[in-house]
Amino acid sequence: MSRTAKIIGLLLAAISALGFASTFVIGSALTRECGVSPEVLSFLRFAIAGSAMALVACATRHGRARMAAVSRREALTIAWLGPVGTSIMAWCVFMGCAHVSSVNASMADALAPLLIFAFAAVRTRHIAPVDLACLVCGFIGALLVMQIVNAGGLAIQSFSVGDLYVLGGAVTWAVYTVGGTDLILRHGSFVFTVWTMLAGTMAIGLVLPFGDFAWPTTPKAWLLVVALSFVSTLLPFWTWNAAQKFLPMSVLGVTAYFIPVVTLALAFALLGESSTVLQLVGTLLVIASATIETRRH
């Protein structure tokens with residue numbers, strides 16, 4: 001992997017982490033304060049983001065040709081992979097935000113890299129001990145940053161159905177990441193992101209008519225939905241998928257640990273929240289694991 005590819009990949013991963021870090025904040029506000037149903041949020045974020053990207057892609061003849069280059073077999077893969085990694089994943093995350101604390105919900109960020117590594121290892125039948133060690137180091141660092149582990153021990157005192165939603169979000173994201181690698185390399189991240197978002201929109205849209213779901217009703221709620229669609233969806237999904245062309249899966253997985261680190265930095269800069277020594281130690285562990293992984297590849 002060339003130095004230029006590393007820089008591009010890490011920059012894309014950093015943008016992705018920044019966008020995904022805002023998901024928990026905006027998602028919590030929409031589900032708890034505005035009372036919007038997780039199913040509706042899952043539909044709206046991908047309907048808006050996917051439609052916007054589709055309009056851009058279809059604005060030129062070259063873009064339309066790239067969108068149409070997906071084969072029938074690949075379309076069948078997108079038909080199940082898209083909903084898994086978009087609408088189902090988002091529904092799990094928002095259900096987690098609505099039922100458990102932010103600490104519990106943020107566990108998805110810590111579990112996803114480990115699951116990505118596990119699924120990739122099963123697929124390639126190759127496990128590098130150093131990669132695993134870096135992932136575990138980053139996992140511990142993420143737990144410290146999110147204060148799931150603190151000086152008093154484990155912060156999560158009890159587990160509930162909400163935690164199962166969080167686990168579901170991590171599993172579906174790992175499946176989406178590993179399962180979409182070949183399609184991204186073949187057609188590009190933009191085409192893959194557009195089709196999977198639209199597939200997810202159609203899947204969740206089939207469910208909405210059969211339930212009594214709460215939609216945004218205030219200007220504040222709709223502004224948050226727009227922010228969720230572009231800042232927390234379009235931008236991070238696209239850049240995450242694009243990063244797969246420049247970074248190995250093991251390196252990309254470790255960079256996901258920066259999501260809680262970015263969240264911590266945003267809380268400090270915007271809300272004035274202070275950091276503990278253990279959180280700083282966790283940040284250093286995340287940085288160390290990412291640095292070692294990047295230098296190895």
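The values are calculated or read from the model by the stated rules, or taken from the named source; none is laboratory data. The structure presented is a predicted model; accordingly, all values stated were derived computationally and were not measured. As a convention, Cβ positions derive from the backbone with ideal geometry for all residues, glycine included, and neighbour counts pool all protein chains shown.
Here's the yes/no breakdown for (1) at pLDDT 80 or above; (2) under 24 Å from Ala214 (Cα atoms); (3) of a type in the set (Lys, Arg):
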| position | (1), (2), (3) |
| --- | --- |
| Val36 | yes, yes, no |
| Val40 | yes, yes, no |
| Arg45 | yes, yes, yes |
| Met67 | yes, no, no |
| Glu74 | yes, no, no |
| Asp109 | no, no, no |
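Candidates Phe24, Phe20: the one that is among the aromatic types (Phe, Trp, Tyr) and either more than 16 Å from the chain's Cα centre (by Cα) or surrounded by fewer than 24 Cβ atoms within 10 Å (Cβ to Cβ) (or both) is Phe24. If we scan the range 56-64, do we find a residue that is crowded, with 24+ Cβ neighbours inside 10 Å, among the aliphatic types (A, V, I, L, M) and either at pLDDT below 90 or part of a helix (DSSP H, G or I) (or both)? So far as the range 56-64 goes, no, none of its residues is crowded, with 24+ Cβ neighbours inside 10 Å, among the aliphatic types (A, V, I, L, M) and either at pLDDT below 90 or part of a helix (DSSP H, G or I) (or both).
I'd like the full set of residues that are part of a loop (DSSP other than H, G, I, E, B), of a type in the set (Gly, Ala, Ser) and either modelled with pLDDT of 70 or more or touching a strand residue (DSSP E or B) at 6+ places or on another chain (Cβ under 7 Å) (or both), limited to the range 266-295.
Taking the range 266-295 as the starting set, the residues that turn out to be part of a loop (DSSP other than H, G, I, E, B) are 272-276.
Next cut, of a type in the set (Gly, Ala, Ser) only: 272, 274-275.
Passing the criteria: none in range.
The numbered conditions (1) crowded, with 22+ Cβ neighbours inside 10 Å; (2) of a type in the set (A, V, I, L, M, F, W, C); (3) under 17 Å from Met197 (Cα atoms) are all true for Val231 except (1). Checking Thr193, Thr263 one by one, the residue that is at pLDDT 95 or above, surrounded by 23 or more Cβ atoms within 10 Å (Cβ to Cβ) and part of a helix (DSSP H, G or I) is Thr193 and no other.
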